[in-house]
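Colleague: Here's a structure for you.
Derivation of every value follows stated rules applied to the coordinates shown; laboratory data play no part. This one's a predicted model, so the numbers in the text were calculated from it and none came from an experiment. Here the Cβ positions follow ideal geometry from the backbone for every residue, glycine too, while neighbour counts run over all protein chains shown.
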2 protein chains.
Amino acid sequence: MPEFRKDPVVDRWVILATDRAKRPQQDAREKSDLVMGPCPFCAGNEAMTPPAVLTYDSDGPQSKIATWSVRVVPNKYPAVTDAGGWMEQSNTIYQTAAGLGAHEVVIEAPEHVVSMAMLDENQFERILNAYRDRIMQLQTDSRWRSTLIYKNQGADAGATLEHVHSQLIALPLVPKALQEEVEGAKNYHARTGSCIYCAVVDEEIRAGSRIVAESGRFIVFCPHASRFPYETWILPKQHASRFDSGSAEDYRDLARLLRDTLVRLERSLGNLSLNYLIHSNPSDEIATDYYHWHLEILPKVSKVGGFEWGSGIYINSVAPEHAARHLRDLRL
Amino acid sequence: MPEFRKDPVVDRWVILATDRAKRPQQDAREKSDLVMGPCPFCAGNEAMTPPAVLTYDSDGPQSKIATWSVRVVPNKYPAVTDAGGWMEQSNTIYQTAAGLGAHEVVIEAPEHVVSMAMLDENQFERILNAYRDRIMQLQTDSRWRSTLIYKNQGADAGATLEHVHSQLIALPLVPKALQEEVEGAKNYHARTGSCIYCAVVDEEIRAGSRIVAESGRFIVFCPHASRFPYETWILPKQHASRFDSGSAEDYRDLARLLRDTLVRLERSLGNLSLNYLIHSNPSDEIATDYYHWHLEILPKVSKVGGFEWGSGIYINSVAPEHAARHLRDLRL
């Protein structure tokens, strides 16, 4: 059983999940390559994963390969498991709790594609709809206070399987990184009466220098305080605190922009490892005036070192204005 | 000129240092190997670095190779530079400031050794003394509010040169990661009248299961809420808030234990990439009852993924109790 443990000094939880050491990747540590051999995410190998919790039928060219287009399955080596309730225990000075939560994998194509940028817009739209459907389903369980969608693509980004996929973790707590955003946004709102992310959208459109792309509904930009070279965020222009409250048109437009952005990043940086993640309002509150959901893309072109771990400050050698101009000016 | 930039929502500074893109490593990005060619840190190549700010004479077997045993030089591609005063500017919603600070490199041996574990105890002692000497010197400059010592060993840990070295950055602010520890420790002290790190020392000695090694002056242990497999910390047993306030005997004992720990980690995990860092009380305060300096060793055997970036929660697949037993039981 996984276990939450909290640092006794700072607000930092870890999840101790020793069963994850059994993942095939661990054997490949020395060569730091992704696992080869039969791919559990490929059409035809469905029996290699736990049974699906969501399947979209195939209605496009994929129907020659499989009966499904997107498949969501429980993670076979979960970091958290859905067993019982949240029970914090304080043993001496150390806090622990059962590693409660839901951990799912969104298999993003039936064929063995290794870069999401290779998929077409319709497939991106299905994937985003699958994210929404799973979040909405998980939110009916009142134990989950937050849901994080994230992608690890490439070994440097922490992927253990190369077949395109992303992951979803629902947690009985609001994790620190999200909580800090919610609090920062709340403070700004209390001070000004406005949403700080809406102010960022306005300022980025005004400045223009960090914009990568723009539609009627979203902006794609390299944030002013980018931690990493070519870090790129997508924000809805209209205030919206939750990812899962979008309209069909929102997801269609986001699908187009997200695909366009990943293609630009891949053309610029080569066959790249990246993480992306979706920050959305905690489940406790349906919608708020101050929090604004967004998607953060973190390309892995540089390593995190001792200075970053020791300080929490990130050294970035590429100006976001430079990265944005490069991405924006690419002829596709 | 480097620049500090602050995220508008959360308390997260980045340092934009575009000159660092000129480092030789950047060309090697695709192969992700360390730079080859003439090593600027080797004896005989002293002209390849800026002039030394501290040199220890050679008094041991190294004297055949070089006139020095440890050399500290300004970083040729600094993340922060010592030019002028701290000036925060708020441009619209974004905060920026000049990238002020000192960034030095501690060259840990005149010969081309690539793993610190290969050095002998006397050399470890000289290195720790060099850390202390540079911290004490930099603290005479009232602009620096904190000094961070850190090591990047191996490409996966962010090193760009393989010759054994560590780095020192003095900053005009207290970085978030340190500030959180100081505040956590201050809160615990206000509640209990004791130092939380002293309580950790007591609890670890009582429990025993996470201890790797112990001397009269220090304990070496895998922390209860380890973020990473084989994460290992060294804490002084006697309360001491600053690394640089140790006695000659303290550094000699720490040299022996740090070397022993790195040898154990290398034997256990293979030729490994690792970071270590020293957290010491901010310079503003000479000593406090609540903060307790320590050294954190972070082996790089797993990758950080989207979940960690998005949540601030670390998934660790190796129990610290298992790691500690393994390290402790090794016959050297």
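Colleague: Any idea what the alpha-carbon Rg over 2.2 N^0.38 Å comes to for the protein assembly as shown? Walk me through the intermediate numbers first.
Modeller: Values: Rg = 24.8 Å, N = 664, 2.2 N^0.38 = 26.0 Å.
Computed over Cα atoms of the protein assembly as shown, the ratio equals 0.96.
Colleague: Treating each Cα of segment B:113-268 as an identical point scatterer and ignoring solvent, apply the Debye formula and state log10 I(q)/I(0) at q = 0.14, 0.18, 0.19 Å⁻¹.
Modeller: -0.84, -1.44, -1.58
Colleague: From the label point of B:G312, set 7 Å from Cα along Cα→Cβ, how far away are the matching label points in the other copies, in nm, ordered shortest to longest?
Modeller: Relative to the other copies, B:G312 has label-point distances of 0.7 nm.
Colleague: Now for a different question. With a ≥ b ≥ c taken as the square roots of the eigenvalues of the C-alpha gyration tensor of chain A, please select rounded if a/c is under 1.5 and otherwise prolate if a/b is larger than b/c or oblate if it is not? Provide the component values of the computation, followed by the final result.
Modeller: On the way: a/c = 1.32, a/b = 1.06, b/c = 1.25.
Here chain A falls in the rounded category.
Colleague: Could you please report the charge total around B:I15, scoring K, R as +1 and D, E as -1 over all other residues with beta-carbon less than 12 angstrom from its beta-carbon? Each step should come with its number before you reach the end.
Modeller: Numbers: positive: A:R227, B:R5, B:K6, B:R12, B:R20; negative: A:E308, B:E3, B:D19.
Result for the local shell: +2.
Colleague: Sticking with this structure for a sec: Report the local net charge at B:A97: Lys and Arg +1, Asp and Glu -1, summed over other residues whose C-beta lies under 10 Å from its C-beta. Write out the running numbers ahead of the final one.
Modeller: Working: positive: B:R5, B:K6; negative: B:E3, B:E88.
Around B:A97, the surrounding residues sum to 0.
Colleague: If a helix is a whole DSSP H run, which ones in chain A reach 15 Å or further along their own axis (Cα) and hold a mean Kyte-Doolittle hydropathy of at least 0.5? Walk me through the numbers before you get to the answer.
Modeller: Values: long enough: A:121-138 (26 Å, -0.90); A:176-192 (24 Å, -1.29); A:196-207 (16 Å, 0.60); A:248-269 (31 Å, -0.55).
Going by DSSP H runs, the hits are A:196-207.
Colleague: Ok, one more. Using Cα springs under 10 Å in a Gaussian network model of chain B, which residue among B:L100, B:L54, B:L168 shows the largest mean-square fluctuation?
Modeller: Ranking B:L100, B:L54, B:L168 by mean-square fluctuation puts B:L54 first.
Colleague: Scan around A:L54 for amide H atoms under 5 Å from its own, H built in the peptide plane at 1.01 Å from N, and keep only partners 5 or more places away or cross-chain.
Modeller: Correct list: A:V72.
Colleague: List the lysines whose alpha-carbon lies under 24 Å from that of B:K303, not counting same-chain residues fewer than 8 positions away?
Modeller: A:K6, A:K22, A:K31, A:K76, A:K151, A:K176, A:K300, A:K303, B:K31, B:K151, B:K176
Colleague: Which of B:G310, B:G216, B:G246 ends up with the largest GNM mean-square fluctuation for chain B, with Cα atoms connected below 10 Å?
Modeller: B:G310
Colleague: I'm checking a number: the convex hull volume of the Cα atoms of segment B:41-124, normalised per residue, in Å³. What is it?
Modeller: Measuring per residue, one finds 130 Å³ for the Cα hull of segment B:41-124.
Colleague: Oh, and also: Nm distances between the label at B:N271 and the same-position labels in the remaining copies, 7 Å along Cα→Cβ, shortest first?
Modeller: From this label point to the equivalent ones elsewhere in the assembly: 2.5 nm.
Colleague: Per chain B: cysteines with no other Cys C-beta under 4.7 angstrom?
Modeller: Singleton cysteines: B:C222.
Colleague: Looking at segment B:253-330 from every direction and averaging, what is the projected area of its Cα convex hull in nm²?
Modeller: 7.6
Colleague: Also, I was wondering about something else. When the Debye formula is applied to the Cα atoms of segment A:196-326, each taken as the same point scatterer, what base-10 log of I(q)/I(0) results at q = 0.15, 0.20 Å⁻¹?
Modeller: One equal scatterer on each Cα of segment A:196-326 leads to -0.74, -1.22.
Colleague: Short version: ³J(HN,Hα) in whole Hz for each residue of segment A:38-43, in order, from phi by Karplus 6.51 cos²θ - 1.76 cosθ + 1.60 (θ = phi - 60°), x for Gly and Pro, what are they?
Modeller: x, 8, x, 9, 6, 3
Colleague: In chain B, which residue puts its Cβ closest to the axis that turns chain B onto chain A, and how many whole Å away is it?
Modeller: Taking Cβ atoms only, the nearest residue and its distance are B:V304, 3.
Colleague: Can you give the relative contact order of segment A:109-176 as a percent, counting alpha carbon pairs under 8 Å and 6+ residues apart?
Modeller: Working: 66 pairs, mean separation 25.9, N = 68.
Rounded, it is 38 percent for segment A:109-176.
Colleague: Can you list the copy-to-copy distances for A:Y77, using a point 7 angstrom from Cα toward Cβ, in nanometres, shortest first?
Modeller: Counterpart label points of A:Y77 in the remaining copies fall at 3.3 nm.
Colleague: Sum up the charges of everything whose Cβ sits under 11 Å from the Cβ of B:F124, counting Lys and Arg as +1 and Asp and Glu as -1, but leave B:F124 out.
Modeller: Its environment carries a net charge of -2.
Colleague: Next question, about the same structure. Run a plain Debye calculation on segment A:82-183 (Cα atoms as equal point scatterers, no solvent) and give log10 I(q)/I(0) at q = 0.10, 0.12, 0.14, 0.23 Å⁻¹, rounded to two decimals, same order as the q list.
Modeller: Debye intensities relative to I(0), on a log10 scale: -0.37, -0.52, -0.68, -1.23.
Colleague: Build a GNM of chain A with springs between Cα atoms under 10 Å: which of A:A66, A:A79, A:A207 gets the top mean-square fluctuation?
Modeller: Of the options given, A:A207 has the highest mean-square fluctuation.
Colleague: Evaluate the charge dipole of segment B:104-192 about its Cα centre and quote only its size in Debye, nearest 20, assuming +1 on the Cβ of each Lys and Arg and -1 on the Cβ of each Asp and Glu.
Modeller: 560
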